[in-house]
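The values are calculated or read from the model by the stated rules, or taken from the named source; none is laboratory data. Here the structure is a predicted model, which is why all the values come from computation and not from measurement. In this analysis, Cβ positions are derived from the backbone assuming ideal geometry, glycine residues included, and neighbour counts consider all displayed protein chains. Side chains included, ligands, DNA and RNA excluded: accessible areas come from the protein's heavy atoms. Shrake-Rupley method; radii C 1.70, N 1.55, O 1.52, S 1.80 Å.
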Amino acid sequence: MAHLTVAGRRLSGHAADLALTLLVSAFVIIWTLVMTRYAAESASRAVGGWLLVVVGCGALYFRRRWPVAVAALTLLACAVYYPMSTYDGPLLVTFAIALYSVAAEGRFVAAVLLAVVTLFAVGLGEFTQSPGNRQIDDTSLAMLSGWLISLVAVGRAQRIRSEYLHEAEQRALAAEREQEARAQQSASEERLRIAHELHDVLGHSISLVNVQSSAALHRIGKKPDPAIALASAEEALKSVKETSKDALRELRATLGMLRRADEAAPTAPAAGLDRLGALAGRARSAGIDVSTETVGAPYPLPPSLDLAAYRIVQESLTNVARHSGADHARVTLTYTDDALLLSVDDNGRGQEDDRGDGSGIRGMAERAKAFGGELTAHNTSEGFRVSARLPLDHDARSGEDHR
């Protein structure tokens, strides 16, 4: 009885123990006072009886802290009270509640032993009396046995129920924590993916704009003929315009991933290898001669893998434009039965450390790893190479092939 409801309010802990103690005390005292109207006893017996009532009722406040000790104390109080008192008040109810509490607190063996001791003591006391002086007949003794067994059984059932509810609550809390952890992990992965997208889109385009404008300023700085300078500036501005236009389009598509579910989805198609020609063209406008080569028969790729391949090529060309000092790059796509292989070779400086702060190569590697693939970046005899293997999901490819 860990909880008690009073006037619609649920009490727990010490408040419940105190409330139960007061209720039982009031019940025992009122009943005993009523009994005094029909019987009389000496003052010493009356004082002793009331002291035992106080001890038995007051002990119930500690029934959950020391259940076995409280049950033994109430049993002892009853054993002294009933032979001594003339009133035969309902003090036995304190032992009944204490015995139930022993079983409900998980002390099942102690509860059974207390019930057996009680039954044995009552039976021994009655059977040693002469037939005319017995207080409890055989039928009442059998009923007492059933009563004690019921108290222990109900307490045991309450204990099992409490353990089950506690376990269910713990499982629910664990499931809730696991769900929150999964949600946080999903949110972190989504933020990382969007960060990669923004890095690739903005990094590539801004790098090309920087290279194109720097080259134009360099040519103008040589103070050529005004007509030549104007033509050079116009060419650079056109390249910057096209590059920024493509950047804005891809940026809108990327930010469209952040729209709420009730907002209209972006209509622009996701970037893919079908835009490889335009990507190479933008790199050429920055002064890098980009050639592309396809090995094997091309086939439709799953959209997510197609985007990842495009971003890897895009970031590789960005690094070529920003850090390598190369004037030529070659993009090779190889279509096999179980994977897409791609490589970007340039004739610039080697050394992976010269390719920026490393976040670009790390981001490309993470993209490949997300599909169960791998990416390497290393020096070659002619410059630097980025190569990646992106395994295909056969089910996804079959779905694409049957469209």
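DSSP finds beta bridges in the stretch 273-391, and of those with both partners inside it, around 75 percent are antiparallel. Annotation: per residue accessible area for the stretch 273-391 equals 43 Å², rounded to a whole number [probe 1.4 Å, protein chains only]. Near THR32, within a Cβ-to-Cβ distance under 14 Å, what is the net charge of the other residues, with Lys and Arg +1 and Asp and Glu -1? Surrounding charge for THR32 is 0.
Less than 15 Å Cβ to Cβ from SER381, Lys/Arg counted +1 and Asp/Glu -1: what total charge do the surrounding residues give? Before the final figure, lay out each step's value.
Details: positive: ARG330, ARG349, ARG385; negative: ASP345, ASP346, GLU382.
Once all neighbours under 15 Å are counted, the net charge is 0.
Remark: the stretch 383-391, residue by residue, has Karplus-estimated 3J(HN,Hα) of x, 9, 9, 10, 10, 9, 10, 10, x Hz, where x stands for each Gly or Pro and the curve is 6.51 cos²θ - 1.76 cosθ + 1.60 at θ = phi - 60°.
Just the number, please: carbon plus sulfur as a percent of the accessible area of the stretch 13-136, 1.4 Å probe, no ligands or DNA/RNA counted. Each step should come with its number before you reach the end.
On the way: 4730 of 6470 Å².
Answer for the stretch 13-136: carbon and sulfur cover 73 percent of the accessible area.
Our coupling estimate for the stretch 65-82, obtained by passing each phi through the Karplus curve with A = 6.51, B = -1.76, C = 1.60 and θ = phi - 60°, is 7, 10, x, 5, 5, 5, 5, 5, 5, 5, 5, 5, 4, 5, 5, 8, 5, 5 Hz, Gly and Pro reported as x.
Assuming 0.36 nm per residue, please report the length gained on full extension of the stretch SER162 to SER214 beyond their Cα-Cα distance. Present the calculation step by step, with values, prior to reporting the outcome.
Numbers: separation 52, 0.36 × 52 = 18.72 nm, distance 7.55 nm.
Extending this stretch completely gives an extra 11.2 nm.
Amide hydrogen proximity for ALA339: with H placed 1.01 Å from N in the peptide plane, the residues at 5 or more positions away or on another chain lying under 5 Å are LEU392. Near LEU273: Cβ cut-off under 11 Å, other residues only, Lys/Arg at +1 and Asp/Glu at -1. The net charge is 0.
Excluding ligands, DNA and RNA, what is the solvent-accessible area per residue of the stretch 76-123 at a probe of 1.4 Å, expressed in Å²? Spell out each step's value before the answer.
Values: 1970 Å² over 48 residues.
In whole numbers, the stretch 76-123 has 41 Å² accessible per residue.
Straight-line reach from LYS222: taking Cα to Cα under 24 Å and skipping same-chain neighbours fewer than 8 places apart, the lysines in range are LYS238, LYS241.
Database remark: amide H of HIS328 closer than 5 angstrom to the amide H of ASP289, ASN347 (H placed geometrically; neighbours at sequence offset of 5 or more, or on other chains; Pro and chain starts carry no H).
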